[in-house]
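Asker: I am attaching a structure below and will ask some questions about it afterwards.
The values are calculated or read from the model by the stated rules, or taken from the named source; none is laboratory data. Being a predicted model, the structure only gives us computed values, none of them experimental. Using ideal geometry, Cβ is built from the backbone for each residue, glycine included, and neighbour counts are taken over all protein chains shown.
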Amino acid sequence: MKSLNRTVAIILGGLILVSAALAQDKGTSAKAVQRLNRAPVSREILQVKLPRPTEMKLSNGLTVLLMERHKLPTIHFSLWINASSLYDPKDAPGLAKFTADMLREGTTNRSSAQLSSEIDALGATLNANSEFGSSYTAMTGSGLAVNTEKLLDLISDMLLNPAFANDELEKYKKRQLAELEELRADPNFLAEERMYRALYANYPAAVTAPTPASVQALSAPQLKQFHDQYYVPNNALLGVVGDFDSKQMTALLEKYLGPWKNRPYTAPNLGALPASAATKVYLVDRPDSVQTNILAGELAVPRNHPDYIPLRVMNQVLGGGASARLFLNLREEKGYTYGAYSSIAADNYPRPLLANTEVRTAVTDGSMHELLGEFKRLREEPVPDAELDDSRRSMVASFALSLERNSELLDLFMRVKHNNLSPDYWDRYPAEIAKVGPDKVQSMAKKYLDPDHLQVVCVGTGKEIKDTLAKYGAVETYDVDGKRMTQ
């Protein structure tokens, strides 16, 4: 890893801060930026061979990845359970999230207050969450290695003995209803809600939040049923990284997680993903907004698809940071916004490639024109070698820096197992990035920034931007409660 650190320093030294240069010369077009490439950058590809975790199974069938890292006296546990919002019943959106959240609200052995007090006394963190769109529920715990057994005792108690007490549930429901009100006031949430419904139609990933009705109807028996149905060791993956001895850790895991009973389970039928829809513009009418939130994108690929890495490189060029095209154009050159970015997500099923920005209402038209123009430029023009080289180096540098954090290193190998990637995936990752050339980036743009299937969502004051949006496609209008408007 010492050589890795030296290589990272070289790579970081070669990253070009294009946005800073543009700030000094507002008259220069972002498309005409010259990358002088005078920094002393090594042209060698970053070579890594990551430490591999040891894979084993407990007596109850739980798959475990053990990774000893003795640099710091800490321990980190990560448990992924293959049950998420994708498994929510149609009449109970949010059930997976509710179940995960309530694990922290007390067990049959400890009240919510006692659980929090013991976690705080250890100086540890212990959380459970199930994000909408993810394919798994995650429980994570971190603390000092000297407290490993105490931390495992708390983790196993939360996992195996949740109380789902009615008094805690009622308090939780009040908090959830308040959070839903806040969400509906957030234009970014409104944009994502409409975008995911446009992309996924009737597929479960179309749902991005609970409803007031699902919160109000939530009951302890519902939570217990979901927990009993899917929280089983043969439906989970545990990772452990930190300062420990593998033999001793195996014995501790058997002691605290061995009692977790294995049961048959059946994953629900999620149905088929929808076919790509024709391009449409969705307006979420949010009266009196002083800005327009723009979100544009399409579905991409699963995490193990061969196009994923080239797509990541294309995304880096398009909107992966402050030196990417969207930022340079919409912020630095045009001054329309404080930021414009793009991102790509991936899991066991296709997730979206999305570009986003928030702009003043008055420049909605210009911002739409420039954002879609950057999509078109990527499709029609090969990326210059110097610009593409900067993007690739930025990605490799970011990856290399992440290897210093135990939790992120473990996450890489959890993802290998969860997403069915090759065991040497991360060893090859820098080289795979480096070999993505201009032709490949252009082919990705043609394939995944398709003007005939692009979905666009704009959240703003309808009476001021609706006619403008009609220039870019058929407009469908919704109110902030998600209801279709007829006018």
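Asker: Going by the structure shown, is VAL241 more than 30 Å from LEU354 (Cβ to Cβ), surrounded by 20 or more Cβ atoms within 10 Å (Cβ to Cβ) and modelled with pLDDT of 95 or more?
Answerer: Here the answer is yes, as VAL241 does meet what is asked.
Asker: Here's something else I'd like to know. For the stretch 258-279, indicate whether the set of residues that are closer than 15 Å to MET195 by Cα, surrounded by 19 or more Cβ atoms within 10 Å (Cβ to Cβ) and either of a type in the set (D, E, K, R) or not assigned by TED's automatic domain parsing to the domain that holds VAL64 (or both) is non-empty.
Answerer: Within the stretch 258-279 (the criterion being closer than 15 Å to MET195 by Cα, surrounded by 19 or more Cβ atoms within 10 Å (Cβ to Cβ) and either of a type in the set (D, E, K, R) or not assigned by TED's automatic domain parsing to the domain that holds VAL64 (or both)), the answer is no, since none of the residues qualifies.
Asker: For the stretch 52-81, what are the residues that are surrounded by fewer than 17 Cβ atoms within 10 Å (Cβ to Cβ) and either assigned to a strand (DSSP E or B) or modelled with pLDDT under 90 (or both)?
Answerer: Listed by number, the residues that qualify are THR54, GLU55, MET56, LYS57, THR63, GLU68.
Asker: Has the stretch 177-190 got any residue that is assigned by TED's automatic domain parsing to the domain that holds PHE244, within 27 Å of TYR282 (Cβ to Cβ), in contact with a strand residue (DSSP E or B) (Cβ under 8 Å, 6 or more places away or on another chain) and crowded, with 18+ Cβ neighbours inside 10 Å?
Answerer: Yes; the residues of the stretch 177-190 include at least one that is assigned by TED's automatic domain parsing to the domain that holds PHE244, within 27 Å of TYR282 (Cβ to Cβ), in contact with a strand residue (DSSP E or B) (Cβ under 8 Å, 6 or more places away or on another chain) and crowded, with 18+ Cβ neighbours inside 10 Å.
Asker: Another question, then. Could you list, in sequence order, the residues of the stretch 224-234 that are surrounded by 20 or more Cβ atoms within 10 Å (Cβ to Cβ) and part of a helix (DSSP H, G or I)?
Answerer: In the first step, residues of the stretch 224-234 are kept if they are surrounded by 20 or more Cβ atoms within 10 Å (Cβ to Cβ); the result is 226-227, 230-233.
Selection gives PHE226, HIS227, TYR230, PRO233.
Asker: Further question: Name the one entry in PRO306, PRO264 that is under 30 Å from LEU378 (Cα atoms) and free of Cβ contacts under 8 Å to residues at least 40 places away in the same chain.
Answerer: PRO306
Asker: Going by the structure shown, is LYS447 touching a Ser or Thr at 6+ places or on another chain (Cβ under 8 Å) and surrounded by fewer than 17 Cβ atoms within 10 Å (Cβ to Cβ)?
Answerer: No.
Asker: Picking from GLU179, GLU170, which residue would you name as being closer than 22 Å to VAL207 by Cβ and assigned to a helix (DSSP H, G or I)?
Answerer: Every option except GLU179 fails the conditions.
Asker: I'd like the full set of residues that are among the acidic types (Asp, Glu) and more than 22 Å from PHE189 (Cα to Cα), limited to the stretch 451-472. Give the derivation first.
Answerer: Within the stretch 451-472, the first condition is being among the acidic types (Asp, Glu), and the residues that meet it are 452, 464, 467.
If the condition is that a residue be among the acidic types (Asp, Glu) and more than 22 Å from PHE189 (Cα to Cα), then ASP452, ASP467 are the ones that fit.
Asker: Looking for whichever is under 26 Å from TYR472 (Cβ atoms) and of a type in the set (Lys, Arg) here; the options are ARG392, ARG303, ARG331. Which one fits?
Answerer: ARG331
Yes/no per residue for (1) of a type outside the set (S, T, N, Q); (2) buried (at least 21 other Cβ atoms within 10 Å of the Cβ); (3) assigned to a strand (DSSP E or B):
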residue: ASN329; (1), (2), (3): no, yes, no
residue: SER342; (1), (2), (3): no, yes, yes
residue: ALA345; (1), (2), (3): yes, no, yes
residue: LEU353; (1), (2), (3): yes, yes, yes
residue: ASP365; (1), (2), (3): yes, no, no
residue: MET368; (1), (2), (3): yes, yes, no
residue: GLY373; (1), (2), (3): yes, no, no
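Asker: Continuing with the same structure: Can you tell which of ALA205, ALA220, ALA138, ALA201 is under 30 Å from ALA278 (Cα atoms), modelled with pLDDT of 95 or more and surrounded by fewer than 19 Cβ atoms within 10 Å (Cβ to Cβ)?
Answerer: When all the criteria are applied, what remains is ALA201.
Asker: Within the stretch 244-257, restricting attention to residues that are part of a helix (DSSP H, G or I) and not aliphatic (A, V, I, L, M), which residue is surrounded by the fewest Cβ atoms within 10 Å (Cβ to Cβ)?
Answerer: Let us first name the residues in the stretch 244-257 that are part of a helix (DSSP H, G or I), namely 246-257.
Subsequent filtering for residues that are not aliphatic (A, V, I, L, M) retains 246-248, 250, 254-256.
Numbers: SER246: 15, LYS247: 8, GLN248: 11, THR250: 17, GLU254: 14, LYS255: 13, TYR256: 19.
This residue is LYS247.
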